[in-house]
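Chemist: Sharing a structure here in structure tokens format.
The values are calculated or read from the model by the stated rules, or taken from the named source; none is laboratory data. Please read all numbers here as calculations on a predicted model, not as lab measurements. Here the Cβ is made from the backbone with ideal geometry for all residues, glycine too, and neighbour counts use every protein chain on show. Just so you know, the surface numbers come from the protein's heavy atoms only, side chains and all, with ligands and any DNA or RNA stripped out. Shrake-Rupley method; radii C 1.70, N 1.55, O 1.52, S 1.80 Å.
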Amino acid sequence: MEPVKIADGIFSVGVTDWNIRDFHGYSTYEGTTYNAYLILDDKITLIDTVKKEFGDQLLANISAIIDPKKIDYMISNHTEMDHSSSLPRVMHKIGEDKPLYCSKMGQKNLSKHFSQAWNYQPVENLQTLSLGKRTVTFMETRMLHWPDSMFTYVNEDKLLFSSDAFGQHYAGPEKFDDQIGDDIFPHAKKYFANILMPYSPLILKLVDTVTEMGLQIDTICPDHGIIWRKDPSKIINRYVEWSKMAPKRKALVIYDTMWHSTEAMAEAIVGALIQEGVNAKPMHLRNCHRSDVITEVLDAGAIIVGSPTLNNNIFPTVADFLTYMKGLKPLNKIAAPFGSFGWSGESVKLVTKALEEMKFDVIDPGVRLQYVPDEKGISACVALGKKIAAALPEK
Ligand code: FEO
């Protein structure tokens, strides 16, 4: 990716990772970008770096604009390695003694990652730093996405460097929202669901704080994906909507199957839900990636989970998904379990326990059938689908 001008004296100098398909368990079907930003002012400033293997490309992008040795300040908004693992290479190039601005937690975390005696300049929330013609304000944004995360706001340009927030794992020719339009929102939604969903209450609080401060934001520059310059309020409004997790008349039947019995049950439940006007679909866990399933979970009102019993336990793919979903803390769901078994049949009980631990409202003990579902068994699945439909909101 060549440097891209964002505003007078402000450039995106990050890189595109076209080939990544697994981002620590998240399926990045179209790759991603690691964005870094260069501000040319009296004090030349670099904001964030990129993944280690792209360090040379980052330095080449910077060199297309200025000699990297002329960089005066380094700002690290976030320690996670996709934004910091080329920091040792960059600091070596620009000068190990250059001031490195980060949050207090950022200093702790960077020290634990790199064991380098850099010239750390830990900042307080809302501390400012003059770059010359511009002043930046640092905003602590703990847990968005790590305890060290912060935003950097350029007061004069009304431009927010938002680290992970408002990003998307997307690689393409477009660099700005006005170039891709609304096609970017499925990527932004998937990113939100898989990375930021657990911190939804903090996002709502942050949006309130920013509104109370009267902070005007004309441009949002995240550390992944496209830059929001045409209408940043669009993505902010989506974040508010997604964070609320208001349940829709939407149900997911998430399952795996060994000999198609649990699958037949899933299809009967989905059929009944659709008949009752619910936006319902089955999601087979060996055909749907967990990160795509969780994207659908975000605004679903009902989560129905089916598992065969394997060796007295939940089927492994279902256990994997339940673990993943628990960590992401989805809210406001009704739920029910189901599954076929051979002789011991523990899975429905274990799935129920997992759903209850997630604070889902388990509105039915579910359907538990031995071997192949007969007509009576299928009728029980249809009844479960209808019960779920009746408990969902009208829209
Ligand atoms: Fe893109 Fe939390 O790292």
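Chemist: Any chance you could count how many residues in the range 47-70 are surrounded by fewer than 20 Cβ atoms within 10 Å (Cβ to Cβ) and either within 12 Å of Glu2 (Cα to Cα) or of a type in the set (A, V, I, L, M) (or both)?
Modeler: Of the residues in the range 47-70, 7 are surrounded by fewer than 20 Cβ atoms within 10 Å (Cβ to Cβ) and either within 12 Å of Glu2 (Cα to Cα) or of a type in the set (A, V, I, L, M) (or both).
Chemist: Among the residues of the range 301-316, is there at least one that is in a helix (DSSP H, G or I) and surrounded by fewer than 17 Cβ atoms within 10 Å (Cβ to Cβ)? Full working, then the answer.
Modeler: Just the residues of the range 301-316 that are in a helix (DSSP H, G or I), to begin with: 316.
Filter once more, keeping what is surrounded by fewer than 17 Cβ atoms within 10 Å (Cβ to Cβ): 316.
Yes, that holds for at least one residue.
Chemist: Can you name every residue in the range 297-347 that is aromatic (Phe, Trp, Tyr) and either within 15 Å of Glu357 (Cα to Cα) or in contact with a Leu (Cβ under 9 Å, 6 or more places away or on another chain) (or both)?
Modeler: Hits for the range 297-347 are Phe315, Phe321, Tyr324, Phe338, Phe341.
Chemist: Just checking, which of Lys353, Lys387 is without any contact (Cβ under 8 Å) to a residue 24 or more places away in the chain and either open to solvent by 30 Å² or more (accessible area, probe 1.4 Å) or in contact with a strand residue (DSSP E or B) (Cβ under 8 Å, 6 or more places away or on another chain) (or both)?
Modeler: Lys353
Chemist: May I ask you to verify whether Gly366 is over 21 Å from Tyr191 (Cα atoms) and modelled with pLDDT of 95 or more?
Modeler: yes
Chemist: Within the range 71-109, can you find the residues that are surrounded by fewer than 22 Cβ atoms within 10 Å (Cβ to Cβ), within 16 Å of the ligand (Cβ to nearest atom) and of a type in the set (Gly, Ala, Ser)?
Modeler: Within the range 71-109, just Ser85 meets the criteria.
Chemist: Could you figure out which of (1) more than 16 Å from Pro198 (Cα to Cα); (2) outside any loop (DSSP other than H, G, I, E, B); (3) open to solvent by 30 Å² or more (accessible area, probe 1.4 Å) isn't true of Tyr324?
Modeler: Only one criterion is unmet by Tyr324, namely (1).
Chemist: Within the range 71-115, how many residues are over 22 Å from Asp42 (Cα atoms), at pLDDT 95 or above and not aromatic (Phe, Trp, Tyr)? Walk me through it before giving the result.
Modeler: Narrowing the range 71-115 to residues over 22 Å from Asp42 (Cα atoms): 78-89, 103-115.
Then keep just the ones that are at pLDDT 95 or above; that gives 78-89, 103-114.
Checking the rest, the ones that are also not aromatic (Phe, Trp, Tyr) come to 78-89, 103-113.
Total meeting the criteria: 23.
Chemist: Next question, about the same structure. For the range 267-281, which positions are of a type in the set (S, T, N, Q) and either over 18 Å from Ser379 (Cβ atoms) or outside the structural domain of Val367 (by TED's automatic domain parsing) (or both)?
Modeler: Just the residues of the range 267-281 that are of a type in the set (S, T, N, Q), to begin with: 275, 279.
Matches in the range 267-281: Asn279 only.
Chemist: Another one. Scan the range 105-119 for residues that are hydroxyl-bearing (Ser, Thr, Tyr) and on the phi < 0 side of the Ramachandran plot and jot them down.
Modeler: Ser111
Chemist: Taking the range 242-300 only, how many residues are part of a strand (DSSP E or B), open to solvent by 30 Å² or more (accessible area, probe 1.4 Å) and in contact with a Lys or Arg (Cβ under 7 Å, 6 or more places away or on another chain)?
Modeler: Residues in the range 242-300 being part of a strand (DSSP E or B), open to solvent by 30 Å² or more (accessible area, probe 1.4 Å) and in contact with a Lys or Arg (Cβ under 7 Å, 6 or more places away or on another chain): 1 in total.
Chemist: Do you know which residues across the range 12-69 are touching a Pro at 6+ places or on another chain (Cβ under 7 Å) and within 16 Å of the ligand (Cβ to nearest atom)?
Modeler: Once the filter is applied, which keeps residues that are touching a Pro at 6+ places or on another chain (Cβ under 7 Å) and within 16 Å of the ligand (Cβ to nearest atom), the range 12-69 yields Ser12, Asn35.
Chemist: What number of residues within the range 69-126 satisfy the criterion of being outside any loop (DSSP other than H, G, I, E, B) and either more than 28 Å from Leu206 (Cα to Cα) or free of Cβ contacts under 8 Å to residues at least 60 places away in the same chain (or both)?
Modeler: Looking only at the range 69-126, we keep the residues that are outside any loop (DSSP other than H, G, I, E, B), and these are 69-70, 73-75, 81-84, 87-94, 99-114, 119-123.
Then drop every residue that is not either more than 28 Å from Leu206 (Cα to Cα) or free of Cβ contacts under 8 Å to residues at least 60 places away in the same chain (or both), which leaves 69-70, 73-74, 81, 84, 87-94, 99-114, 119-123.
Matching residues across the range 69-126 total 35.
Chemist: Looking at (1) over 30 Å from Arg21 (Cα atoms); (2) crowded, with 22+ Cβ neighbours inside 10 Å; (3) without any contact (Cβ under 8 Å) to a residue 60 or more places away in the chain, which is the only condition Asp361 fails?
Modeler: Just one mismatch for Asp361, condition (2).
Chemist: Take the residues in the range 1-46 that are of a type in the set (Asp, Glu) and within 18 Å of Gln57 (Cα to Cα); name whichever of them is most open to solvent (accessible area, probe 1.4 Å).
Modeler: Selected residue: Glu2.
Chemist: Run Ala280 past the list (1) in contact with a Leu (Cβ under 6 Å, 6 or more places away or on another chain); (2) more than 22 Å from Ala246 (Cα to Cα) and report the number of the one that doesn't hold.
Modeler: (2)
Chemist: Please enumerate the residues belonging to the range 134-145 that are within 16 Å of the ligand (Cβ to nearest atom) and surrounded by fewer than 18 Cβ atoms within 10 Å (Cβ to Cβ).
Modeler: Of everything in the range 134-145, those that are within 16 Å of the ligand (Cβ to nearest atom) and surrounded by fewer than 18 Cβ atoms within 10 Å (Cβ to Cβ) turn out to be Arg142, Met143.
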